[in-house]
Amino acid sequence: MIQDLLQKYNVPVPRYTSYPPANYFTEAFANKEYESAIEASNTARPEHISFYVHIPFCRHLCHYCGCNSFPMMKRGVIERYFSALHREIELVKTRLAPGRKISQIHYGGGSPTSMPVYYLRELNEHLLAGFETIDQPEIAVECHPGYLDEESWQSLTEAGFNRFSLGVQDFNEKVLKTVNRRPSLLPAEMIFQILRSKGARINMDFIYGLPFQTAESFAETITRAAVLCPDRLVTFSYAHVPWVNKQQLVLEKAGLPPSEEKSRMYESAKKLLSTAGYKTIGLDHFVRQDDELYTALKNGRLHRNFQGYCTRRTTGQVYAFGVTGISQLNTAYTQNSKDINQYMERIENDTFAVSKGYELSRDEQITREVIETLMCNYSLDWQEMAARFSLSAEEIKSATAYNDNRLNEFAADGLIEYDDNHIRMTSGGALFVRNVAASLDKLMLHSNKSFSKPV
């Protein structure tokens, strides 16, 4: 049965980390529109502030990466870049209404931890100055453990970070060598000891679907990870998008595992983590039972923004800084220039560096909420959705591409259970939640965009 479903539904569909996806952004949206969107965000929900900082530099580039990254540059360029970050932060902060609280700060890349820690500490101090935070805000950083010694880990905890995402990807050194990823400098057990002693929360990130991975080898990696007992563990399905990153073509020469084997990797990892006491969150996250994400899921209150899965308590409108940074506001998305020199020049002239964006219509704002709720909670209550927008359930449905015939097909294939008031993903259909979400998306009715496959 699973092979039949894979053959039918393992087709390109959006990942829906945003709605609309980033490949719908247009150059018609520029600095002026971003300034208006910031102003509008001050009286919109969520009212909290979430800051994202993009550090694009890497000591070397991994072949699988689809992120916006750059090889390490000269010190003068790096110092100029961080100076631009501080100027951009000031441009945004002066436009934010006083009284709003910071709920999240997240550093991504690239490899933020490829930078001297004092750069990150100074940014944290600048971001936090002048605004209160919610109780227990999340201040997170993505870490490449291949270059961090004991002193570096200690310094990061002292710089204000309280959540660390360790980009392990795999413990198998043959896999890592093939994808040009350096293994951890310190034993994972030692890293955990350092971070736990400071009260930090720890995520571990893994990728499945890489060359030389099998269901058995990936199970060995996940078993070792579960013994460490991270707070959260993520198993990302490798997205092969060589039209975005040509470097991924190298992996085709090494040989990518077939979809059936990728499915086995995920299923074996899920079974192992369930046995270890972890609960499944969304497409690829696993958390301990005492994690607030699991509490939110049980209550149907799990949420997601560009920082990742979060709760309604910690979510905020996202204001992004740095080259290629994507802001996610109530009415709009914006993305900064992908050209690092252009980004720095525009910020140095005290203007924003927006290269493209997207302003959501009312129907698209509704569809975003519908798809996000389904993707996060694996269920959808049309009456509850109607209450959020003070509309009827039929008006909410009409804002989407709701189609009974399509939903009947999903139900017949065992992916969902549904009636006039609810859509619920089945345990066997959860892997294809992206397909169900896409069926509610009017933009997909006549789309010529390129997307990755679910598996």
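The values are calculated or read from the model by the stated rules, or taken from the named source; none is laboratory data. Values in this document were obtained by computation on a predicted structure and should not be read as measured data. Neighbour counts are summed over all protein chains in view; Cβ atoms, including those assigned to glycine, are modelled from backbone coordinates with ideal geometry. Ligands, DNA and RNA are excluded from the accessible area calculation, which covers all protein heavy atoms including side chains. Shrake-Rupley method; radii C 1.70, N 1.55, O 1.52, S 1.80 Å.
Once the chain from HIS422 to GLN289 is taken as fully extended at 0.36 nm per residue, the excess over their C-alpha distance is 45.3 nm.
Listed by chain and number, the aspartates and glutamates whose alpha-carbon sits under 20 Å from that of LYS298, ignoring those within fewer than 8 places in the same chain, are ASP231, ASP284, ASP290, GLU369, GLU372, ASP381, GLU384, GLU417. For the stretch 358-409, just say rounded, prolate or oblate: build the C-alpha gyration tensor, square-root its eigenvalues into a ≥ b ≥ c, call rounded for a/c under 1.5, and beyond that prolate if a/b exceeds b/c, oblate if not. Rounded, since a/c falls under 1.5. Peptides 160-169, 226-235, 379-388 ranked from most to least packed, by the mean per-residue count of other Cβ atoms within 10 Å: 160-169, 226-235, 379-388. Of LYS177/LYS262; LYS338/LYS449; LYS74/LYS253; LYS74/LYS338; LYS246/LYS442; LYS101/LYS442, which ones are farther than 23 Å apart at the Cα? Correct reply: LYS74/LYS253; LYS246/LYS442; LYS101/LYS442. I'd like the distance between the alpha-carbon centres of the stretch 96-161 and the stretch 389-437, rounded to an integer number of Å. Going from one Cα centre to the other spans 39 Å.
Quote the FRET efficiency, to the nearest 0.05, computed for LEU249 versus GLN7 with a Förster distance R0 of 25 Å and r equal to the Cβ-Cβ distance. Let's see the in-between values first.
Numbers: r = 25 Å, r/R0 = 1.02.
For LEU249 and GLN7, the calculated efficiency is 0.45.
Between the beta carbons of THR26 and GLU158, assuming R0 = 60 Å, the FRET efficiency works out to 0.90 to the nearest 0.05. What the chain shows is 42 Å² of accessible area per residue, with the surface traced by a 1.4 Å probe over protein heavy atoms. For the stretch 13-139, the carbon plus sulfur part of the accessible surface works out to 52%, probe radius 1.4 Å. Once the Cα-Cα distance is subtracted from the 0.36 nm per residue extended length, the MET72 to TYR118 segment shows a gain of 14.8 nm.
Taking the square roots of five times each eigenvalue of the Cα gyration tensor of the stretch 230-275, the equivalent ellipsoid has semi-axes of 26, 14, 7 Å, listed largest first. Over the chain, the hull volume per residue, using the convex hull of the C-alpha atoms, is 138 Å³. When every Cα-Cα distance of the stretch 256-368 is counted in 10 angstrom steps from zero, the calculated P(r) takes the values 12, 27, 26, 26, 9, 1 percent. Counting 0.36 nm for each residue step from SER392 to VAL227 and taking away their Cα separation leaves a gain of 54.6 nm.
Dividing the alpha-carbon radius of gyration of the stretch 34-123 by the rule-of-thumb value 2.2 N^0.38 Å gives 1.26.
Panel note: the C-alpha atoms of the stretch 100-147, placed on their principal axes, show extents of 36, 17, 14 Å (largest first). Using the Cβ-Cβ distance between ASP135 and SER36 with R0 = 30 Å, the FRET efficiency computed as 1/(1 + (r/R0)^6) comes to roughly 0.40. Three principal axis extents of the stretch 205-264 based on alpha-carbon atoms, in descending order, are 36, 21, 16 Å. Here's the picture: a label point sits 7 Å out from the Cα of THR17 along the beta-carbon direction, and within the stretch 112-144 the residues with their amide nitrogen under 19 Å of it are 112-114, 139-144. For the chain, what does the relative contact order come out to in percent, with C-alpha contacts under 8 Å and a separation of six or more? RCO, the chain: 21 percent.
Split the accessible area of the stretch 254-387 by element, probe 1.4 Å, and carbon with sulfur accounts for 43%. Taking 1.567 mPa s as the viscosity and 4 °C as the temperature, the Stokes-Einstein diffusion coefficient of the stretch 160-286 based on its alpha-carbon Kirkwood radius rounds to 85 µm²/s.
For the stretch 173-232, what class follows from the C-alpha gyration tensor (a ≥ b ≥ c being the square roots of its eigenvalues): rounded when a/c is under 1.5, otherwise prolate if a/b is larger than b/c, else oblate? Since a/c reaches 1.5 and a/b is larger than b/c, the shape of the stretch 173-232 is classed as prolate. The GluC sites (Glu not before Pro) of the stretch 1-49 meeting both criteria, a DSSP state outside H, G, I, E and B (loop) and at most 10 other C-beta atoms within 10 angstrom of the site's C-beta, are GLU27.
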